[in-house]
Structures are given as C-alpha cells and as structure tokens.
Amino acid sequence: MTRIDDLPLANLAVATDEDGIATVTLNRPAKRNALNAATIEELVTLFSALPRAGVRAVVLRAEGPHFCAGLDLVEHLHAGRTAADFMHVCLRWHEAFNKMEYSGVPIIAALKGAVVGGGLELASAAHVRVADVSTYFALPEGQRGLFTGGGATIRVADLVGKARMIDMMLTGRVYRGEEAVAVGLCQYLVEDSESKAYELARAAAQNPPLSNFAICSAISHMQNMSALDAAYAEAVVAGVVNTQGEARGRLEAFADKTAARVRPD
C-alpha cells in the first residue's frame, strides 16, 4: 500500500479515515484555489498514488468560500511562457485530470462559490459533482483572451453539449442553482455540499472495489471507442466484474430476498 501521508504536498491536503474515504482539499484559499503549476504537479502525484493506497472513495473539497477559480492568471501573466511552454503546461493538466477520471476510485466533488474556467475542468474530472447554493459555473476564457487547455472541450462539452459550452465561452454566461443541474454541470444541489459528498462517498465505498473500478474507468474508456469496440469491451469487463467472488454473496442475498430493495425515496 502506498503511504499517501508521506507525499510532499503544499497546495493540497489529504487525509484518510477508517472507512477508506480520502479527503483531498484544495488549499490556496487566498488565491480562490487557483491552479498554479505546482498544484497541478501535486494533483498528478496524489492521484497517481491514491488508487494504490487502498482508498475506496475520494471527497474533493476546498478551503475558503470558493472551490476553484481556474488557472492562476497572475502566475501565467508573469511566467513569460512561449506557446510551446504553455502547451506543456496544458499537457500536465491533462495528465492530472486523466489520473482522476480514469483512476477507478470514485471521486465526489463538493462544490461551492466559483467553479470557473480551469476550476470547472477540474470539477468535470470528478465522477460526481455536488453543488451548494453559492456555487456558480462559468468559462470566461473568451473575455480574457484565452482558450481552455485543461480538457473542457472534452469533459465540459460532454456534460452540457457543444452549443452551451460555446455560449459560455463567447458570452461569459454563468450557470447556477437548478439551471446548473438541468444542463448537467452538477448532479446534486443541496445546502451543504460537503455533507452530501461524504454521504455519497460512503455509499460508493460499500460497493466492491472491482465494480467501482469498472464504473469509474471503463465507462470513460468506452466513450472513446467506436460502438462496436465499446460493446466488445463492455462484454469483457462485465465478464470479469460479474463473476467476481465478492458479487456472489450479494447475488445470494438478492435471491433469498434479504438484500435491500431498490425503491424511490
């Protein structure tokens, strides 16, 4: 098991409880948790280690009133980057967010305040997004003379559709509340996003890890395939997951009617 407590983290904090729930905290509140290059490197390091550390689910949260205001624009302004330099910055963002999306460990993002630009790219790499009443979503790149570089054209467009993403970038449109849920930017809107995120993480952690691995990695991989290839891959993954030893007891409980029933609230 990898010791995540030994990782050299300055802009992130991580703690794991006895149930295997890891809390990952964005810890630059004075900067509205903007993502500088060092934070991205910490995300790569941390989400490379978490799947091998026995973690069953992750709650991604933030210090301060805002989840993440996106790219650290002050760092970018003063870095004097060339086009090639910034291309490599973007590739590290992709590395970090791919580590998250394809980790096989459920990541529940507890959102609040600004989820803007690169902050929305970060949130979209989580598997479930929980917003509170203060949360607002935006892609203001057009107004700042920028273009998304951390996967918004892949993940955010997949969540809301191409036309809505273009509108957000061209006009600075902000989504919040029930409208944000309706367009797919988040799955839950609650008073306390952290409390709900932990509730969901604990529910997910009760699943067999192999099932969660398939849900939180295979689906994303299959979305990148042709329909024919995805059907084949789905059959292979189902063959492995649906015959695992941990599933047998659950199937027996269903058969003898001692398993919990699926019912609406």
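Brief remarks on what is shown
- From ARG32, ARG129, residue being of a type outside the set (Asp, Glu), over 21 Å from ALA214 (Cα atoms) and not assigned by TED's automatic domain parsing to the domain that holds CYS216: ARG32
- Scanning the range 217-256 for residues that are closer than 25 Å to GLY151 by Cα and either among the basic types (Lys, Arg) or part of a loop (DSSP other than H, G, I, E, B) (or both) turns up ASN224, MET225, SER226.
- Scope the range 94-119; condition hydrophobic (A, V, I, L, M, F, W, C), in a helix (DSSP H, G or I) and farther than 15 Å from ALA34 by Cβ; matching residues: PHE97, MET100
- Residue satisfying all of: in the range 14-33; surrounded by 15 or more Cβ atoms within 10 Å (Cβ to Cβ) and more than 16 Å from the chain's Cα centre (by Cα); farthest from ARG202 (Cα to Cα) among these: LYS31
- Contacts under 6 angstrom Cβ, first residue in the range 57-80 being over 25 Å from GLY20 (Cβ atoms) and touching a residue at least 40 places away in the same chain (Cβ under 8 Å), partner assigned to a strand (DSSP E or B) and β-branched (Val, Ile, Thr), 6 or more apart: ALA69/VAL116; GLY70/VAL116
- Per this entry, VAL190 is not counted among residues that are modelled with pLDDT of 95 or more, over 26 Å from VAL58 (Cα atoms) and either loosely packed, with under 13 Cβ neighbours inside 10 Å or in contact with a strand residue (DSSP E or B) (Cβ under 9 Å, 6 or more places away or on another chain) (or both).
- Filtering the range 236-247 to residues that are over 25 Å from the mean Cα position of the chain (by Cα) and within 16 Å of ILE215 (Cβ to Cβ) leaves VAL236, GLY239, VAL240, ASN242, GLN244, GLU246, ALA247.
- Condition check for ALA259: among the aliphatic types (A, V, I, L, M) and either over 23 Å from SER124 (Cα atoms) or outside any helix (DSSP H, G or I) (or both): yes
- Answer from ALA84, ALA125 - the residue that is without any contact (Cβ under 8 Å) to a residue 60 or more places away in the chain, of a type in the set (A, V, I, L, M) and surrounded by 24 or more Cβ atoms within 10 Å (Cβ to Cβ): ALA125
- Within the range 167-185, residues that are of a type in the set (Lys, Arg) have Cβ atoms under 7 Å from residues that are in a helix (DSSP H, G or I) in these pairs: ARG173/ASP167, counting only partners at least 6 apart in sequence or on another chain.
- Which numbered condition LEU43 misses (of (1) part of a helix (DSSP H, G or I); (2) at pLDDT below 95; (3) not small (Gly, Ala, Ser)): (2)
- Subset of the range 134-183 that is touching a Lys or Arg at 6+ places or on another chain (Cβ under 7 Å) and polar (S, T, N, Q) - its residue that is surrounded by the fewest Cβ atoms within 10 Å (Cβ to Cβ): SER134
- Selected residue (only one of THR82, THR23, THR45, THR16 is touching a Pro at 6+ places or on another chain (Cβ under 9 Å), assigned by TED's automatic domain parsing to the domain that holds THR153 and on the phi < 0 side of the Ramachandran plot): THR45
The values are calculated or read from the model by the stated rules, or taken from the named source; none is laboratory data. Every value quoted in this text rests on a predicted model; they were computed, and no experiment measured them. FYI the Cβ positions are ideal-geometry reconstructions off the backbone, even for glycines, and counts take in every protein chain you see.
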